[in-house]
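The values are calculated or read from the model by the stated rules, or taken from the named source; none is laboratory data. Since this is a predicted model, take the numbers as computed values, not measurements. Using ideal geometry, Cβ is built from the backbone for each residue, glycine included, and neighbour counts are taken over all protein chains shown.
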Amino acid sequence: TRPLVIDTDPGCDDAVALLLALESDALDVVGLTTVHGNTTVDATTANARAILEAVDRTDVPVAAGADRPLLVDLETSEHVHGEGGIKGKLPEPTAATAPVDGHAAQYIVEQAREHDGELTLAAIGPLTNVALALAIEPDLPDLLDDLVVMGGAAFVPGNVTPLAEANFHTDPHAARRVVRDCEPTLVGLDVTQRAAVPPALVDGLEAADDAASTTPLERSIHEWLTYYEDDRLERYGIESAAIHDALVLASLVDESVLETDAYHLEVGVDSELARGALVADANDVTGAAPNGRVAVDADYERYRELVAAALERSLE
Ligand code: BDR
Ligand code: CA
């Protein structure tokens, strides 16, 4: 099994991604680190802890991290993910999942050193914690087996500005630092915008709005799979919400889920227009060597199978 730290800002799609990882035999989730993003870091931390408690995984440590981007001001996305950063809110977490001492960035560095060369880091929120970890330990990329990031929109329009995806837009300087130094695999809107998982695919979820016959976790999962408002569904021409972050975890369970290509990559920070824009030099006009990979296609059928099976297990 693959030791894994997930840096996350739950978030409806983060919640599904966490369940996928926690229910997978192929992955050993050694810790969660939390970051500002869909809501404040206090609320993302509470949401992550509540998810662990809902599936009896209080053994997984949580380390809380950055409460704001490196340089720009904090901007959160409750208008997409709901009040408190998540729809389908679970009961408040208890002392059983109290965060460990120390900052998420320090925790990432410690785990990378401990699992020297074997740790995978899945980053599914703004990259502030990862950039800070890199500042503490410049050899972080060598200490990691893999860094897989939900972020960017290389060849499709953005979801916050015409050019930028939310995680990159929220902390563009962190995204630039990580793209320049870490040779990440970027799983962006190019592939995640189509990563919906209709609730009907998950046994037992179809009746989840029938309050009398369903559990709180069933109702939450139903909300997490359908969190977009109708105008968003229309805008993106899809039938249920994009579960962006789960595609990252699915690709760690089964690498055949994603097709990736290597590019020379850069992230814009210098103007409102370019803020958070991921630029892939697809015509090789710079002549610069590739410094990362971008997911360009996905096996959605296999992806949906993996997510549905994990969600069913979480409900057993
Ligand atoms: C990304 O931004 C967040 O709102 C989601 O959780 C996901 O990580 C999608 O652009
Ligand atoms: Ca996220």
Need the failing condition index for residue 204 against (1) part of a helix (DSSP H, G or I); (2) over 30 Å from residue 269 (Cβ atoms), just the number. (1)
If only one of 225, 258, 315 is under 26 Å from residue 5 (Cα atoms) and at pLDDT below 95, which one is it? 315
Does residue 152 fit the bill of being surrounded by fewer than 21 Cβ atoms within 10 Å (Cβ to Cβ) and either small (Gly, Ala, Ser) or under 28 Å from residue 272 (Cβ atoms) (or both)? no
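State which residue is nearest to residue 201 (Cα to Cα) when the search covers only segment 262-316 and only residues that are aliphatic (A, V, I, L, M) and touching a Phe, Trp or Tyr at 6+ places or on another chain (Cβ under 8 Å).
Going through segment 262-316, the residues aliphatic (A, V, I, L, M) turn out to be 262, 265, 267, 269, 273-274, 277-280, 282, 285, 288-289, 294-296, 298, 306-311, 315.
Right, trim to touching a Phe, Trp or Tyr at 6+ places or on another chain (Cβ under 8 Å) and you get 267, 277-278, 280, 282, 294, 296.
Values: 267: 37, 277: 34, 278: 33, 280: 35, 282: 36, 294: 28, 296: 25 Å.
In this case the residue turns out to be 296.
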Take the conditions touching a residue at least 40 places away in the same chain (Cβ under 8 Å) and crowded, with 24+ Cβ neighbours inside 10 Å and apply them to residue 133. Does it pass? no
Of the conditions (1) assigned to a helix (DSSP H, G or I); (2) farther than 30 Å from residue 91 by Cβ; (3) out of contact with any helix residue (DSSP H, G or I) (no Cβ under 9 Å at 6 or more places or on another chain), residue 288 clears all except one; give me its number. (1)
Scope segment 234-271; condition closer than 20 Å to residue 311 by Cα, aliphatic (A, V, I, L, M) and within 16 Å of ligand 1 (Cβ to nearest atom); matching residues: 241, 242, 243, 246, 247, 248, 249, 250, 252
Selection within segment 1-40 - surrounded by fewer than 24 Cβ atoms within 10 Å (Cβ to Cβ) and of a type in the set (A, V, I, L, M, F, W, C): 22, 26, 27, 29, 30
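Within segment 57-65, identify whether any single residue is small (Gly, Ala, Ser) and farther than 23 Å from residue 109 by Cα, and answer yes or no.
Checked against the condition, which is being small (Gly, Ala, Ser) and farther than 23 Å from residue 109 by Cα, segment 57-65 yields no hits at all.
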Would you tally the residues in segment 63-96 being buried (at least 20 other Cβ atoms within 10 Å of the Cβ), of a type in the set (A, V, I, L, M, F, W, C) and farther than 29 Å from residue 240 by Cβ? 3
Result of the Cβ filter at 8 Å on segment 295-316, keeping first residues that are assigned to a helix (DSSP H, G or I) and partners that are basic (Lys, Arg), at least 6 apart or interchain, is 300/194
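Only one of 183, 206 is modelled with pLDDT of 95 or more, more than 17 Å from the chain's Cα centre (by Cα) and not hydroxyl-bearing (Ser, Thr, Tyr). Can you tell me which?
Values: 206 fails: modelled with pLDDT of 95 or more.
The match here is 183.
Restricting to segment 85-139, name every residue that is hydroxyl-bearing (Ser, Thr, Tyr) and within 29 Å of residue 215 (Cα to Cα).
The initial filter retains those residues of segment 85-139 that are hydroxyl-bearing (Ser, Thr, Tyr), namely 94, 97, 107, 120, 128.
94, 97 - these are the residues of segment 85-139 that are hydroxyl-bearing (Ser, Thr, Tyr) and within 29 Å of residue 215 (Cα to Cα).
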Quick one: in segment 36-61, which of the residues that are small (Gly, Ala, Ser) and in contact with a Pro (Cβ under 8 Å, 6 or more places away or on another chain) is farthest from residue 130 (Cα to Cα)? 54
Subset of segment 161-181, residues buried (at least 24 other Cβ atoms within 10 Å of the Cβ) and either in contact with a helix residue (DSSP H, G or I) (Cβ under 6 Å, 6 or more places away or on another chain) or of a type in the set (Phe, Trp, Tyr) (or both), comes to 165, 168, 171, 174, 175, 178
